[in-house]
1. Helix-derived [θ] at 222 nm for the chain: sum -39500 (n - 2.57) over DSSP H runs of at least 4, divide by residue count, nearest 500?
2. Leaving out ligands and nucleic acids, and using a 1.4 Å probe, what accessible area per residue does the chain come to in Å²?
3. In whole percent, and with a 1.4 Å probe on the protein chains, what portion of the accessible area of the chain is carbon and sulfur?
4. Could you work out the longest stretch of the chain that avoids the trypsin sites (Lys or Arg not before Pro) located in DSSP loops with at most 13 other Cβ atoms within 10 Å?
5. Can you tell me the convex hull volume per residue for the chain, based on C-alpha atoms, in Å³ to the nearest whole number?
6. With labels modelled as points extended 7 Å from the Cα through the Cβ direction, what inter-label distance (nm, one decimal) is found for Glu4 paired with Val32?
7. Whose amide H sits under 5 Å from the amide H of Trp69, counting only residues 5 or more places off or on another chain, with H placed in the peptide plane?
8. Name the helices (complete DSSP H segments) of the chain with a Cα length along the long axis of 24 Å or more and a Kyte-Doolittle mean of at least 0.0, or state none.
Amino acid sequence: MHPELMRQVAMSRMADFNRSAVKYRRAREASVRSPQPVRTAIELRLSACREELERLAQLSERPLHDGEWIVADVDGVAVAAVAVDDGTTVYDPFRPTSQAVSLLKLRRKQVLAAAY
């Protein structure tokens, strides 16, 4: 192969690598979020509002029954609830609720232990 042709092929490949590296860096910078302080507080409470429980039951596609429910509020919005009597959970599947559900189950155990 002619030396000039080899040089042109090598330069073309280097330019492709550089373009790929720039795209990768831009995508990586866009995906990294700037650290923000945590401002979320989870409030556990007994539910007094049937509408919020119905909304959670509809979102999680689970049946809702009567009784006392402990609800987890995040920034003033109900995201999960657990029934005190049987431990049934309803939650918003579009929000990260696994920790809230864990806290609700723990609180339910505490409530039941204190009742007996």
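The values are calculated or read from the model by the stated rules, or taken from the named source; none is laboratory data. Quick caveat: nothing in here was measured; it's all calculated off a predicted structure. Positions of Cβ are generated from backbone atoms using ideal geometry, with glycine treated the same way; all protein chains shown enter the neighbour counts. Ligands, DNA and RNA are stripped out before the accessible areas are found, and what is left, the full protein with its side chains, is counted by its heavy atoms. Shrake-Rupley method; radii C 1.70, N 1.55, O 1.52, S 1.80 Å.
1. For the chain, the value works out to -17000 deg cm²/dmol.
2. Per residue, the chain has 77 Å² of solvent-accessible surface.
3. Roughly 55 percent, rounded to a whole number.
4. Between the exposed loop sites, the longest stretch runs 40-116.
5. 176
6. Computed distance between label sites Glu4 and Val32 equals 4.4 nm.
7. Ser47, Val84
8. Correct list, ordered by number: 98-115.
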